[in-house]
Amino acid sequence: MASSQNNLSGFRAKTTEDTKNYRIAIVVSEWNESVTEALYSGAVSTLREYGIQRDNIVRKNVPGSFELTLGAQFMAQKEDIDAVICLGCVIQGETRHFDFICQAVAIGITNVGLSSNKPVIFGVLTPDNQQQALDRAGGKHGNKGDEAAIAAIKMLQEFK
Ligand code: DLZ
């Protein structure tokens, strides 16, 4: 599993029969696409390694991380979706845009989870630069998409 190289190498879920039937939405931000596609690949391969069927992984794109919240809400409202993974990458710039987006997404995703009673996972990188992002999207610090997938599985195994 790709996450064996990362900072949370002990971060694992159990493999259970129920896990195979989980239906998971992944909402992917198109900003910083090379990073978010790598996060997506990591999340999908980890879900598959835990036995989740390919047909039970539903992908939706949103323009930028700011839109992850609404995308997550649309998906969490669907009866057949058990959990939503939000993947994005907001790179620190010279303006306060970064702060506004990060704060809005963190609060928004939290609220969607609370109002839908479903796990909504924060898989959003907030690095200073592109290299730091790539280091966490399949690079030397592992792939945060893997960790987001494991977080979704762990929450469902504990609470579904
Ligand atoms: C506008 C913007 C900027 C400057 N930077 C990022 C970024 O680093 N990562 C990201 O995911 N999105 C960025 N966006 C786009 C916003 O998230 C949003 O899509 C637009 O403000 C439109 O609502």
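Between ALA106, ALA38, which is within 23 Å of ASN129 (Cα to Cα), free of Cβ contacts under 8 Å to residues at least 40 places away in the same chain and of a type in the set (Gly, Ala, Ser)? Every option except ALA106 fails the conditions. Does THR36 qualify as being among the β-branched types (Val, Ile, Thr) and either under 22 Å from PHE98 (Cβ atoms) or in a strand (DSSP E or B) (or both)? Criteria met by THR36. Is it true that some residue in the range 54-67 is within 19 Å of ILE150 (Cβ to Cβ) and of a type in the set (Ser, Thr, Tyr)? No, because not a single residue in the range 54-67 is within 19 Å of ILE150 (Cβ to Cβ) and of a type in the set (Ser, Thr, Tyr). Among the residues of the range 113-130, which ones are under 27 Å from HIS141 (Cβ atoms) and under 17 Å from the mean Cα position of the chain (by Cα)? GLY113, PRO119, VAL120, ILE121, PHE122, GLY123, VAL124, LEU125, THR126, PRO127 - these are the residues of the range 113-130 that are under 27 Å from HIS141 (Cβ atoms) and under 17 Å from the mean Cα position of the chain (by Cα). For first residues located in the range 70-85 and surrounded by fewer than 14 Cβ atoms within 10 Å (Cβ to Cβ), partners that are of a type in the set (Val, Ile, Thr) and at pLDDT 95 or above and lie 6+ apart or on another chain with Cβ distances below 8 Å form the pairs LEU70/VAL62. Given ALA104, ALA83, which one is within 12 Å of the chain's Cα centre (by Cα) and among the aliphatic types (A, V, I, L, M)? Unique residue meeting the criteria: ALA83. Considering only residues that are farther than 24 Å from GLU17 by Cα and in a strand (DSSP E or B), which ones fall in the range 47-86? Within the range 47-86, LYS60, ASN61, VAL62, CYS86 meet the criteria. Could you grab me the full set of residues in the range 132-160 that are part of a strand (DSSP E or B), of a type outside the set (S, T, N, Q) and in contact with a Ser or Thr (Cβ under 7 Å, 6 or more places away or on another chain)? The one that is part of a strand (DSSP E or B), of a type outside the set (S, T, N, Q) and in contact with a Ser or Thr (Cβ under 7 Å, 6 or more places away or on another chain): GLY142. Applying the set (1) assigned to a loop (DSSP other than H, G, I, E, B); (2) within 16 Å of the ligand (Cβ to nearest atom); (3) not hydrophobic (A, V, I, L, M, F, W, C) to LYS118 leaves exactly one unmet item: (2). When VAL44 is tested against (1) of a type outside the set (Lys, Arg); (2) part of a loop (DSSP other than H, G, I, E, B); (3) away from the ligand (no atom under 14 Å from the Cβ); (4) surrounded by 14 or more Cβ atoms within 10 Å (Cβ to Cβ), exactly one condition is not met: (2).
Selection over the range 68-110 of residues that are at pLDDT 95 or above, β-branched (Val, Ile, Thr) and within 11 Å of the ligand (Cβ to nearest atom) gives a count of 5.
The values are calculated or read from the model by the stated rules, or taken from the named source; none is laboratory data. Everything quoted here is computed from the prediction, not taken from an experiment. Because the Cβ atoms are built from the backbone with ideal geometry, glycine has one as well, and the counts that use them run over all protein chains shown.
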